[in-house]
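The values are calculated or read from the model by the stated rules, or taken from the named source; none is laboratory data. Values in this document were obtained by computation on a predicted structure and should not be read as measured data. A quick note on method: Cβ atoms are made from the backbone with ideal geometry, for glycine too, and the neighbour counts reach across all protein chains shown.
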Amino acid sequence: MNEREGAGAPGGSAGGDVRRPVLDALATGPITGPELADRLDVSRAAIWKRIEALREAGFAIQGTDAGYRVTSVPEYGGEAIEYGLEAPYRVEYHDALPSTNARARELATLGEDRVAVLAGEQTGGRGRLDRGWHSPAGGIYLSVVLRPSITPMQAPLLTLAAAVATTRALREAGVDAGIKWPNDVLSRETGGKLVGILTEMEGEADRVSWVVVGFGVNANVDPAELPEGATSVRAEIGDVDRRAVVQRTLEEFEALRGDPDAILDAWREGAITLGERVRVETPEGEVVGRAIDVETPGRLVVETDDGEVRIHAGDCEHLRPV
Ligand code: BT5
């Protein structure tokens, strides 16, 4: 466990150490203060302070004979996401940020690992290639800081894993989502863009020092607040529980990210690009043909009139309606 006190972790000096363990213990059922103190090897006063801090953060916690029992969880926020989260991320929540990727990069350069930065809205959200990302309140703006043992060449796999993770989380929530190579998640119903992913990294030729994977999900927002070509979960099926979507996204991402074969299989399964006729704008020019596969670490294989072409990066357009 992280020795530092997490941002937004009230509860005094002991709060940093017991922040997540108290949440994890409460998530498994009622437990008494003395039992918690014993298990975590801290004072009862530290536990009491932590419980009070959670109540202030919006948790309803009853003191019963069996111990502390959580009866309701805040709708959204750092601790709300951490409660019951089956992935080892500390969650840092802000009501508003210019960009969660920018904040995550800051944390990455400070040496942090496995932190998820979450914002209620963004005032300077970014897409790829210096494009902007509309980030009204009600959407999901999430950036994960990682220090994986991979080469920069392998980093695109994380983008694919992120697309798979969000697609699965959205499908579980009832949205008919599918992946467009490499990093967009679309509604299969309307073809509108639901999710964008932005991966940034720093490192040397043979080793990444950190990676930031940013997820932008048009969740509970009106399409009128989004650019043309975009859709939202609200428009597709109505509002979702953003907390559940973030938790499932982090859990799926964490479960997949170390296994390149599993990432590619899951990507193929969730993809809507494969089999489609596509036009891909690449730094080397335009490629038109039929998308037939994706290969490690994320290359799209396109069958063209002149043979197979492998594309590392680019903007992909489906030439038939999806
Ligand atoms: C992306 O770029 O799709 C990556 C977007 C990543 C956003 C997340 S939010 C959390 C984290 N913090 C950040 O600052 N960024 C990440 P790209 O493929 O370049 O698509 C950008 C283009 O999509 C723009 O030029 C617009 O045309 C369009 N666009 C902008 N906002 C959109 C939205 N909310 N929904 C759908 N399309 C949008």
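Assorted remarks:
- Test set (1) modelled with pLDDT of 95 or more; (2) farther than 24 Å from residue 112 by Cβ - residue 271 fails condition number: (1)
- From the list 291, 262, 255, the lone residue that is under 25 Å from residue 190 (Cα atoms), away from the ligand (no atom under 15 Å from the Cβ), aliphatic (A, V, I, L, M) and not in a loop (DSSP other than H, G, I, E, B) is 291.
- Candidates 119, 169, 137: the one that is in contact with an Asp or Glu (Cβ under 8 Å, 6 or more places away or on another chain), surrounded by fewer than 24 Cβ atoms within 10 Å (Cβ to Cβ) and at pLDDT 95 or above is 137.
- Pick from the stretch 63-74, criterion assigned to a strand (DSSP E or B) and among the small types (Gly, Ala, Ser), ranking: surrounded by the most Cβ atoms within 10 Å (Cβ to Cβ): 67
- Candidate set from the stretch 138-152 (those that are part of a loop (DSSP other than H, G, I, E, B) and over 17 Å from the mean Cα position of the chain (by Cα)); member that is nearest to the ligand (Cβ to nearest atom): 150
- Filtered residue count, the stretch 198-245, keeping only those that are within 15 Å of the chain's Cα centre (by Cα), over 24 Å from residue 146 (Cα atoms) and either near the ligand (Cβ under 9 Å from one of its atoms) or surrounded by fewer than 22 Cβ atoms within 10 Å (Cβ to Cβ) (or both): 1
- Only listed residue being within 16 Å of the ligand (Cβ to nearest atom) and either over 17 Å from residue 168 (Cα atoms) or in contact with a Cys (Cβ under 8 Å, 6 or more places away or on another chain) (or both), chosen from 296, 249, 273, 304: 273
Listed here are the residues, each with its yes/no results for (1) over 22 Å from residue 121 (Cα atoms); (2) part of a helix (DSSP H, G or I); (3) more than 26 Å from the chain's Cα centre (by Cα).
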site: 36; (1), (2), (3): yes, yes, yes
site: 51; (1), (2), (3): yes, yes, yes
site: 58; (1), (2), (3): no, no, no
site: 61; (1), (2), (3): yes, no, yes
site: 76; (1), (2), (3): no, no, no
site: 81; (1), (2), (3): no, yes, no
site: 94; (1), (2), (3): no, no, no
site: 107; (1), (2), (3): no, yes, no
